[in-house]
Amino acid sequence: MNEKQIVIIASECQPFFASGGLADVIGSLPTRIAKLVNTDGEKNQVSVILPLYSKFTNNTYRNKLAYVGQTTVNLSWRKQYCGVFKYSSKGINYYFIDNEYYFKKSSYYGYFDDGERFAFFSKAAIETIKYLDITPDIIHCHDWQTGLVPVYLRTTYYNDERFKETKRIFTVHNIEYQGVYSYDEDILEDVFGLAASDGYLLEYRGQLNIMKGAMETSNYVSTVSPTYAEEIMYAYYAKGLEFEVERIKAEGKLRGILNGIDKTFYNPAKDEALFVKYDKKTPELKLENKVQLQEMLGLTVNKDIPLIGMVTRLVGHKGLELVKSALPEILKQKVQVVILGTGDSYYEWYLRDLERVYRGKLSVIIAFNQDLSRKIYASSDIFLMPSISEPCGLAQMIACRYGALPIVRRTGGLADSIKDFSQAKGNGYVFDNINAEEMLSKVLQAIAEYDNKELWAKHVKAAMACDFGWTNSAKKYVEMYEELLK
């Protein structure tokens, strides 16, 4: 049986290193793609290329990396070392690009030289493909950090026979982060290593925009939900890129595929992070998780008080202004609230101040903590996710999996995954507008319905019965690959 060579390039991946939902996707999607067979009977051999950050989520994996070899990457006038390490699991080969000058940092992003760091990574990923003697059918890149890969394939490697038949796909996980730099030929030539004559590929509204370049030079552009693919046609959601989105839409290049979650990792029946394991047949065991979380966080211990959980970045587009407006009124109810996340200091300080006022009812943890996040999913009765924009969102899916009923705004992937209980096959509470009163109304409805034990049990059962696994989504990705290759 022949195999299609699929190479996925991304800047983070579970279980190695993670800062958000991108890592969950790259940690789950490749294994599902590898399990599927194309309509012509061909299997998919999937490789994943990642930076070798010094900061690993779990150093156990770092100790398991095998050294493959090294090559040299020419980036403008630089000749940079590129070490290649390998880790294999579940039929997937993960290749890590080593260069301590670029990747020995305390964080993954947020440095003045991020443009150069990820230009190197993009170029190094292509050189690694050559070094490993892979002839890819598909190169699938994710977010702006890999956006120069299709640009380099269109320019620097245009005459390379290895990539003559390779199709390029670029997935937008969040259009808010585009990799935008001043239009300066020094940046274009000395930092990105591109010729001045290729500047038009990245030029957008007088600046160099890496995401725009990726859209321009890819065969297909996908987003992480069908609704988000439609929303980014409009300026409010596109963050300035609406004209480029309109162009690729007109060319038939735009696709929207809803993400999934790893049902093995997010499984309350086997999750070692939980106080007590449970499944959809034993949802009453959630109560023990709630009681122990209440004790752990210093909340009043009472299993009959509905607990609202939030696991989120504390930033405006996650709906924090709505939360700020409604939270004092929510906390006047018979309810408790737990919020876990980091973000803008303005929201962090506001929530900390409010916690002092409502001690015993409100717990705010300013941290990124995966273990605690799963405890919160398992302990919460209600999960609040009032995003202003949400490309896909995984938290609402995880909440359903753990029997925490989501309250969401109808946008992006939230609209594609959560239906209001007033509709057939409802699995949550949904409001439409960016309006704190609308959100508050849904919260009060959920609190009231919590006291109706029979109705609540029915709602929890419906939420936990939802299948947000990767199988259907992976099939859509494989169909997109096949469509391109034909």
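The values are calculated or read from the model by the stated rules, or taken from the named source; none is laboratory data. Everything numeric in this text was worked out from a predicted model, so none of it was measured. Every residue, glycine as well, gets a Cβ built from its backbone with ideal geometry; the counts of neighbours run over all protein chains shown.
Pairs please, first residue from the range 395-422 and in a helix (DSSP H, G or I), second anywhere and acidic (Asp, Glu) and buried (at least 24 other Cβ atoms within 10 Å of the Cβ), Cβ atoms under 6 Å, 6+ apart in sequence or on different chains.
From residues that are in a helix (DSSP H, G or I), the pairs are Gly412/Glu390; Gly413/Glu390; Leu414/Glu390.
Looking only at the range 155-198, which residues are over 24 Å from Tyr102 (Cα atoms) and small (Gly, Ala, Ser)?
Scanning the range 155-198 gives Ala196, Ser197.
For Tyr402, all conditions in the list (1) out of contact with any Phe, Trp or Tyr (no Cβ under 6 Å at 6 or more places or on another chain); (2) among the aromatic types (Phe, Trp, Tyr); (3) closer than 20 Å to Tyr266 by Cα hold save one; what is the number of the exception?
Among (1) out of contact with any Phe, Trp or Tyr (no Cβ under 6 Å at 6 or more places or on another chain); (2) among the aromatic types (Phe, Trp, Tyr); (3) closer than 20 Å to Tyr266 by Cα, Tyr402 violates only (1).
Give me a count of the residues in the range 252-280 that are modelled with pLDDT of 95 or more, acidic (Asp, Glu) and either under 20 Å from Tyr477 (Cβ atoms) or not in a loop (DSSP other than H, G, I, E, B) (or both).
0
Do the conditions hold for Arg255, that is, is it touching a residue at least 12 places away in the same chain (Cβ under 8 Å) and in contact with a Phe, Trp or Tyr (Cβ under 7 Å, 6 or more places away or on another chain)?
yes
Any residue at all in the range 439-452 that's assigned to a helix (DSSP H, G or I) and either acidic (Asp, Glu) or not assigned by TED's automatic domain parsing to the domain that holds Val338 (or both)?
There is at least one residue in the range 439-452 that is assigned to a helix (DSSP H, G or I) and either acidic (Asp, Glu) or not assigned by TED's automatic domain parsing to the domain that holds Val338 (or both).
Kindly evaluate Tyr266 against the criterion of being more than 21 Å from the chain's Cα centre (by Cα), among the hydroxyl-bearing types (Ser, Thr, Tyr) and outside the structural domain of Glu348 (by TED's automatic domain parsing).
no
Cβ-Cβ under 7 Å, sequence separation 6+ or interchain: first residue in the range 261-285 and closer than 12 Å to Tyr402 by Cβ, partner in a loop (DSSP other than H, G, I, E, B) and β-branched (Val, Ile, Thr). Which pairs?
Qualifying pairs under 7 Å: Leu285/Val276.
Which condition from (1) in contact with a Lys or Arg (Cβ under 7 Å, 6 or more places away or on another chain); (2) among the acidic types (Asp, Glu); (3) under 30 Å from Pro136 (Cβ atoms) is the one that Glu482 breaks?
(1)
Name every residue in the range 127-145 that is in contact with a helix residue (DSSP H, G or I) (Cβ under 6 Å, 6 or more places away or on another chain) and in a helix (DSSP H, G or I), in order of residue number.
The answer is Trp144, Gln145.
Of these, Thr71, Thr60, which one is part of a strand (DSSP E or B) and farther than 14 Å from Ser11 by Cα?
The conditions single out Thr71.
Identify, from the list Lys55, Lys90, the residue that is touching a Ser or Thr at 6+ places or on another chain (Cβ under 8 Å), farther than 29 Å from Val191 by Cβ and among the charged types (D, E, K, R).
Result: Lys90 is the single residue among Lys55, Lys90 that is touching a Ser or Thr at 6+ places or on another chain (Cβ under 8 Å), farther than 29 Å from Val191 by Cβ and among the charged types (D, E, K, R).
Condition check ((1) in the same structural domain as Ala196 (by TED's automatic domain parsing); (2) crowded, with 16+ Cβ neighbours inside 10 Å; (3) under 21 Å from the mean Cα position of the chain (by Cα); (4) charged (D, E, K, R)) across all residues:
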residue: Ala23; (1), (2), (3), (4): yes, yes, yes, no
residue: Arg32; (1), (2), (3), (4): yes, yes, yes, yes
residue: Thr71; (1), (2), (3), (4): yes, yes, no, no
residue: Ile92; (1), (2), (3), (4): yes, yes, yes, no
residue: Lys104; (1), (2), (3), (4): yes, no, no, yes
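Conditions first: (1) touching a helix residue (DSSP H, G or I) at 6+ places or on another chain (Cβ under 9 Å); (2) surrounded by fewer than 24 Cβ atoms within 10 Å (Cβ to Cβ); (3) more than 17 Å from Leu322 (Cα to Cα). Phe368 passes all but one, so which condition is the exception?
(1)
Can you run down the residue pairs with Cβ atoms below 6 Å, 6 or more apart or on separate chains, where the first is in the range 361-372 and modelled with pLDDT of 95 or more and the partner is among the hydroxyl-bearing types (Ser, Thr, Tyr)?
Partner pairs satisfying both residue conditions: Ile366/Thr342.
If we only count strands (runs of 3 or more DSSP E) wholly inside the range 152-238, which ones have 3 or more residues that are under 22 Å from the mean Cα position of the chain (by Cα) and among the charged types (D, E, K, R)?
none
Tell me the residue from Ile33, Ile92, Ile9 that is closer than 30 Å to Thr155 by Cβ and touching a Pro at 6+ places or on another chain (Cβ under 7 Å), please.
Ile92
Residues checked against (1) closer than 15 Å to Ala119 by Cα; (2) of a type in the set (A, V, I, L, M, F, W, C); (3) outside the structural domain of Gln80 (by TED's automatic domain parsing); (4) touching a residue at least 40 places away in the same chain (Cβ under 8 Å):
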| site | (1), (2), (3), (4) |
| --- | --- |
| Val180 | yes, yes, no, no |
| Glu189 | yes, no, no, yes |
| Tyr200 | no, no, no, no |
| Gln207 | no, no, no, no |
| Met211 | yes, yes, no, yes |
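Assuming Phe383 fulfils every condition listed in (1) part of a helix (DSSP H, G or I); (2) under 20 Å from Asn289 (Cβ atoms); (3) in contact with a helix residue (DSSP H, G or I) (Cβ under 9 Å, 6 or more places away or on another chain) apart from one, which condition is it?
Failed condition: (1).
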